[in-house]
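Chemist: This is the structure, below, for whatever I ask next.
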Amino acid sequence: MKIPDFPQFAGIDLVHRDEMNTFFTNYPLEASEYTFTNLFAYRDTYAFQLSVLKGNVIILKDTEPVSLFAPLGNTEIGTALDDALHYLHHQKASAYIERVPESFVNSCLRNREKFEVEEERDHFDYLYNVRELSELSGRKFHKKKNKANKFRNTYAYKYETLTSKMIGECLEFEDYWCEVRECEKYYGLNKERCAILEMLNNYDSLGLRGGIIRVDGKIAALTLGEKMLDDTLVIHIEKAHAHMTGLYQVINQEFLIHEAPDCTFVNREQDLGIPGLRDSKLSYNPVRFVKKYRVTALREE
């Protein structure tokens with residue numbers, strides 16, 4: 001099933017994977033939202049819809065507030081963007097694109113006086129050096145290394161690359177993790193849980209890389225990610241038992257050592273403006289941010 005031509009839209013389905021991945025490969029954007037896995041896993045949460053306009057993929061987020069993501073392509077991109085925003089303004093009473101990476105702003109929106117461009121700091125991705133997080137060497141990682149060493153000195157553990165045969169165990173681990181964290185009480189954790197279930201249940205089809213840590217034979221930590229650029233791995237999910245000090249540091253290390261030997265950077269996604277999460281991501285010493293913007297079309301006269 002091909003993605004329909006604009007102004008028709010279709011909900012995201014696995015049948016669109018190859019077509020979308022061709023666009024992501026040919027017109028890569030550096031922000032973590034721009035992978036098929038992310039769009040597919042959150043398709044129900046955000047009611048993502050797809051259309052093709054002048055050879056470019058248009059991504060519609062059809063939940064309030066309705067918006068677009070940056071188009072994928074380079075064929076008449078300016079005109080396609082204008083047409084899509086015009087449609088949005090008249091059909092949905094809003095006209096903006098969000099999670100727009102800096103590269104798109106610089107290449108496609110230069111000298112465009114019809115737009116207002118604002119930073120979305122809460123959605124900046126954190127980019128790290130894979131070697132640094134694998135080794136945790138030096139003074140700036142001293143506390144992380146100590147926690148990892150404490151875990152290794154306390155527990156006998158085993159790292160395993162995730163295969164489809166382990167999915168049932170991973171689903172049980174996710175159930176237990178959510179029971180402990182009371183996911184049903186929190187909108188954000190509920191959204192994440194839905195996305196994790198989609199990733200696990202479609203693990204092979206999505207082409208994900210995964211890893212687990214076992215303690216006493218049972219899964220104690222789980223990570224899911226994928227290669228999104230030639231030199232970058234993105235981490236979609238990282239979960240561990242919080243009572244095991246140092247486990248998060250160890251699953252982070254082990255996953256990168258085993259699953260990211262072909263990558264220079266790791267994108268650990270955004271902090272969503274959550275203070276504790278921001279502090280945690282900053283404490284790992286990012287090499288830079290992947291900046292994102294909200295671009296609003298100025299009101300038509």
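The values are calculated or read from the model by the stated rules, or taken from the named source; none is laboratory data. Computed from a prediction, not measured in an experiment: that's the story for all the values here. Counting neighbours? That spans all protein chains shown, and the Cβs are built from the backbone with ideal geometry, glycine included.
Chemist: Tell me which residues, restricted to segment 36-59, are among the aliphatic types (A, V, I, L, M) and touching a Leu at 6+ places or on another chain (Cβ under 6 Å). Walk me through it before giving the result.
Modeler: Filtering segment 36-59 down to residues among the aliphatic types (A, V, I, L, M) leaves 39, 41, 47, 50, 52-53, 57-59.
Passing the criteria: only V57.
Chemist: What are the residues in segment 147-188 that are touching a Leu at 6+ places or on another chain (Cβ under 6 Å) and farther than 14 Å from A240 by Cα, if any?
Modeler: I167, C183
Chemist: Find the residue count for segment 30-65, including only residues that are assigned to a loop (DSSP other than H, G, I, E, B) and either touching a helix residue (DSSP H, G or I) at 6+ places or on another chain (Cβ under 6 Å) or not aliphatic (A, V, I, L, M) (or both). Quick ask: steps written out before the conclusion?
Modeler: Step one: filter segment 30-65 for residues assigned to a loop (DSSP other than H, G, I, E, B), giving 30-35, 42, 47, 54-55, 62-65.
Okay, now just the ones that are also either touching a helix residue (DSSP H, G or I) at 6+ places or on another chain (Cβ under 6 Å) or not aliphatic (A, V, I, L, M) (or both), so 30, 32-35, 42, 54-55, 62-65.
Of the residues in segment 30-65, 12 are assigned to a loop (DSSP other than H, G, I, E, B) and either touching a helix residue (DSSP H, G or I) at 6+ places or on another chain (Cβ under 6 Å) or not aliphatic (A, V, I, L, M) (or both).
Chemist: Spot the failing condition for L14; the list is (1) in contact with a Leu (Cβ under 8 Å, 6 or more places away or on another chain); (2) under 22 Å from L233 (Cα atoms); (3) of a type in the set (A, V, I, L, M, F, W, C), and only one is missed.
Modeler: Here L14 clears every test but (1).
Chemist: Count, please, the residues in segment 267-289 that happen to be among the hydrophobic types (A, V, I, L, M, F, W, C) and touching a Leu at 6+ places or on another chain (Cβ under 6 Å).
Modeler: Step one: filter segment 267-289 for residues among the hydrophobic types (A, V, I, L, M, F, W, C), giving 272, 274, 277, 282, 287, 289.
Keeping just the survivors that are touching a Leu at 6+ places or on another chain (Cβ under 6 Å) gives 287.
Here the count works out to 1.
Chemist: Please determine whether any residue of segment 179-186 is part of a strand (DSSP E or B), outside the structural domain of A31 (by TED's automatic domain parsing) and either basic (K, R) or surrounded by 17 or more Cβ atoms within 10 Å (Cβ to Cβ) (or both).
Modeler: The answer is no; no qualifying residue exists.
Chemist: What are the pairs, 6+ residues apart or on separate chains, where a residue within segment 35-54 that is in contact (Cβ under 8 Å) with a residue 60 or more places away in the chain and within 16 Å of T25 (Cβ to Cβ) has its Cβ under 8 Å from a residue that is assigned to a strand (DSSP E or B) and of a type in the set (D, E, K, R)?
Modeler: T35/E226; T37/E226
Chemist: Yes or no: F6 surrounded by 14 or more Cβ atoms within 10 Å (Cβ to Cβ), out of contact with any helix residue (DSSP H, G or I) (no Cβ under 6 Å at 6 or more places or on another chain) and not polar (S, T, N, Q)?
Modeler: Details: surrounded by 14 or more Cβ atoms within 10 Å (Cβ to Cβ): yes; out of contact with any helix residue (DSSP H, G or I) (no Cβ under 6 Å at 6 or more places or on another chain): yes; not polar (S, T, N, Q): yes.
For F6, the condition - surrounded by 14 or more Cβ atoms within 10 Å (Cβ to Cβ), out of contact with any helix residue (DSSP H, G or I) (no Cβ under 6 Å at 6 or more places or on another chain) and not polar (S, T, N, Q) - is met.
Chemist: Are any residues in segment 85-104 of a type in the set (A, V, I, L, M) and modelled with pLDDT of 95 or more, and if so, which ones? I'd like the intermediate steps shown before the answer.
Modeler: Narrowing segment 85-104 to residues of a type in the set (A, V, I, L, M): 85, 88, 93, 95, 97, 100.
Listed by number, the residues that qualify are I97, V100.
Chemist: Now for a different question. Within segment 217-233, work out how many residues are more than 24 Å from Y27 (Cα to Cα) and not in a loop (DSSP other than H, G, I, E, B). Spell out the reasoning first.
Modeler: Keep residues of segment 217-233 that are more than 24 Å from Y27 (Cα to Cα), which gives 217-223.
Going one step further and asking which of them are not in a loop (DSSP other than H, G, I, E, B), we end up with 218-223.
Result for segment 217-233: 6.
Chemist: Do you know which of the residues in segment 234-252 that are under 19 Å from the mean Cα position of the chain (by Cα) and not in a strand (DSSP E or B) is nearest to G138 (Cα to Cα)?
Modeler: Let us first name the residues in segment 234-252 that are under 19 Å from the mean Cα position of the chain (by Cα), namely 234-240, 248, 251-252.
Next, only the ones that are not in a strand (DSSP E or B) stay: 248, 251-252.
Values: Y248: 19, I251: 19, N252: 17 Å.
Among those that are under 19 Å from the mean Cα position of the chain (by Cα) and not in a strand (DSSP E or B), it is N252.
Chemist: Sort out for me the strands (runs of 3 or more DSSP E) sitting completely within segment 66-160 that have 3 or more residues that are surrounded by fewer than 16 Cβ atoms within 10 Å (Cβ to Cβ) and in contact (Cβ under 8 Å) with a residue 12 or more places away in the chain. It would help to see each step written out before you state the result.
Modeler: Numbers: elements: 96-101, 115-119, 125-129.
The strands (runs of 3 or more DSSP E) meeting that bar are 115-119.
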